[in-house]
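Here's the structure we're looking at; comments come further down.
Just so you know, all these numbers are worked out from the coordinates, no wet-lab data involved. Note that this is a predicted model, so its numbers are computed, not measured. Neighbour counts are summed over all protein chains in view; Cβ atoms, including those assigned to glycine, are modelled from backbone coordinates with ideal geometry.
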Amino acid sequence: MDVNLVLRSTRVITPEGTRPASIAVSGGTIAAVLPYDAEVPAGARLEDVGDDVVLPGLVDTHVHVNDPGRTEWEGFWTATRAAAAGGITTLLDMPLNSLPPTTTVENLRVKQEVARTKAHIDVGFWGGALPDNTKDLRPLHDAGVYGFKCFLSPSGVDEFPSLDQEQLATSLAEISGFDGLMIVHAEDPHHLAAAPQKSGLAYADFLASRPRDAENTAIENLVNQARRLNARVHVLHLSSSDALPLIAAAKAEGVKITVESCPHFLTLTAEEIPDGATEFKCCPPIREAVNQDALWQGLADGTIDCIVSDHSPSTADLKTPDFASAWGGISSLQLGLPAIWTEARRRGFDLTDVVRWMSEGPARLAGLSRKGAIEAGRDADFAVLDPEATFTVDPAELQHRNRITAYAGKTLSGVVTSTWLRGQRIADHGTLTEPTGRLLERNN
C-alpha cells in the first residue's frame, strides 16, 4: 500500500486514547496509526501540525440543508462550507424543508442531483415517513437512505405532515420489517395544544408553550411502540431532561432506542435569552440551567448517545421578534465543536468525550463504518483543533447562507485550524477548497 500522506501531531485522539502519533494515509484511507517519530515512507508528504489536536472528522446526522426549493434559507454549497470550516466531514440531510421532501425515491434522486457538485464534505440522506407514503419506505431504504424521520406534532411545513399513534405504528411495523431506523421529533400534540399560547417578545411565554410533558409523553409512547414492535428508534434533539430516566430504563431492558441532544441545549439557557431574541427559538426549546445540568449528566452516563447540530436556518425576515410567529431553528454547523468544547472543558470533560459524542456516536447511529474514528481502514477524515485558542463569534465570518446565530458575540474555546476529507485538506484556517465531497448511500 503506497502511503502518500503522513499527518503528525503530539495529540491524536484514537479509540485507545490520546497520544503522539503519525497517521499514514493511502488513497484517502488510514493505512496505519504509527508512533510519533516513525520514519516517513519514501514519496509521502509529511504534515506536522505540532501540538494541535487531531480528531476524527465530526459526523453531523441532523442538518436541514433545504435544497432544492428553499435555497434562500440554505443550500448544499453554503451548508457544507460551514460544516467543513467547523471540522465536520460528513453530514446527513433531513428530509424536510426542501421542495420536494425526501419521501420517494424520485424525490431522493432530485436532491442527490442538486447536491452532487456542491458538496464540500460527504453527504448522505434521511428519508421521511408520512401518513401516506408507507409504500415508499422500502424502496427508499433500498435506494440508500439511512433511515426515516417522522414528526409526532406539526412539522411547520405543510408538505411534511405528522403521524398519529396509529400511523406511527404502521410506519414502524413496515420499517422494522427490514431492520430500518425511525428517527423521531418527539413532542406530543395534545400537550402542545393544551399549553398556554401567547404571542409576544417574552421567551418565558414561548417556553411555557412547549412544556417538558410534551416531550416526556411522546417519548414514553415511542418506547412502548418500539418495545411492542421490536423496532429501532432514535429520539431527535432531546431537550427535556425529565425523559432521561425513562430512556435509561428502556435501554436497560433492551428496547432499541438511542437519543441525541444538541449544542444549543447544552450550552445556552432559558435564563439568558433576551426578549425578542428569536435567534434562540427552536422546537423543542432551550430550557433552564438546571435542565441543562441533567442533560450533561445524561451524556456522562451514556443515556444520551450523541450530539448533533439540528442546523435549521431561515432567512432573516422569518426571525420576527414575536416568539410565537418566528421560525424555529438554530444555525450552528460551524460552531458546534467549539461551543461544546467550551462547556465540556468547563464541566471537567476532555476531547475524547467530545469525539465520542460528536464523531463516534453519530457515525454509529447511521452505520457509517468508515467514519468516526482514527484507525486503520477508516476514511482519512480529520479535524485539527487548537483547543487552547479562543475567538469571539462574528456572524460575518460564518459560512452558512443567512448569518443569524444565537452565539453572536460569545467567546468560545477551540479553533479549527484545518479539516481533511479522505486525506485532502479542504479547510485551512477558514479558507475552503473547491468541493470534493461524495454522496453516501447506506448500502454502499
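Diffusion coefficient (Stokes-Einstein, Kirkwood radius over C-alpha pairs, 25 °C, 0.890 mPa s) for the chain: 112 µm²/s, rounded to a whole number.
Here is the size of region 76-189 from its Cα atoms: Rg then Dmax, 14.3, 43 Å. Amide H contacts of GLY75 (H built 1.01 Å from N, in plane; Pro and chain starts excluded): ARG401 sit under 5 Å, all sequence-distant by 5 or more or on other chains. On the basis of the beta-carbon distance and an R0 of 22 Å, GLU16 and ASP301 show a calculated FRET efficiency of 0.50. Amide H to amide H distances under 5 Å link HIS62 with LEU92, SER309, ASP310, where only residues 5 or more positions off or on other chains count and H is placed in the peptide plane. For GluC sites (Glu not before Pro), the sites in region 202-268 that DSSP calls loop and that have at most 13 other Cβ atoms within 10 Å are GLU253. Applying 0.36 nm per residue to the separation of ALA42 and ALA194 and subtracting their alpha-carbon distance, the gain on full extension is 47.8 nm. With N counted as the residues of region 1-114, its alpha-carbon radius of gyration over 2.2 N^0.38 Å works out to 1.41.
As a proxy for reagent exposure, PHE206, PHE349 were ordered by neighbouring Cβ count within 10 angstrom, fewest first; the result is PHE349, PHE206.
Centroid-to-centroid, using Cα positions, region 39-75 and region 357-416 are 8 Å apart. Using 0.36 nm per residue and subtracting the Cα-Cα separation, the extra length available between ARG109 and ALA204 on full extension is 29.9 nm. Of all aspartates and glutamates in the structure, those lying under 14 Å Cα to Cα from LYS256, and not within fewer than 8 positions of it along the same chain, are ASP179, GLU220, ASP305. Spherically averaged projected area of the convex hull of Cα atoms, region 85-129: 3.3 nm². Measuring between alpha carbons in the structure, the pairs from LYS111/LYS251; LYS281/LYS410; LYS118/LYS319 lying more than 24 angstrom apart are LYS111/LYS251; LYS118/LYS319.
Only beta bridges with both residues in the chain are counted; by DSSP, about 50 percent of them are antiparallel.
Of the chymotrypsin sites (Phe, Trp or Tyr not before Pro) found in region 1-85, the ones in coil according to DSSP and having at most 15 other Cβ atoms within 10 Å of their Cβ are TYR36. Give the separation of the Cα centroids, region 127-199 to region 267-311, in Å. Rounded to whole Å, the Cα centres lie 23 Å apart. Show which aspartates and glutamates lie in cross-link reach of LYS135 when reach means a straight Cα distance below 15 angstrom and same-chain residues fewer than eight apart are skipped. Result set, ordered by chain and number: GLU106, GLU174.
For ARG11, the residues whose modelled amide H falls within less than 5 Å of its own, excluding neighbours fewer than 5 places apart on the same chain, are ALA21, VAL54. Phi angles across region 436-442 convert, under the Karplus curve 6.51 cos²θ - 1.76 cosθ + 1.60 with θ = phi - 60°, into 3J(HN,Hα) values of 10, x, 10, 8, 9, 10, 4 Hz, Gly and Pro given as x.
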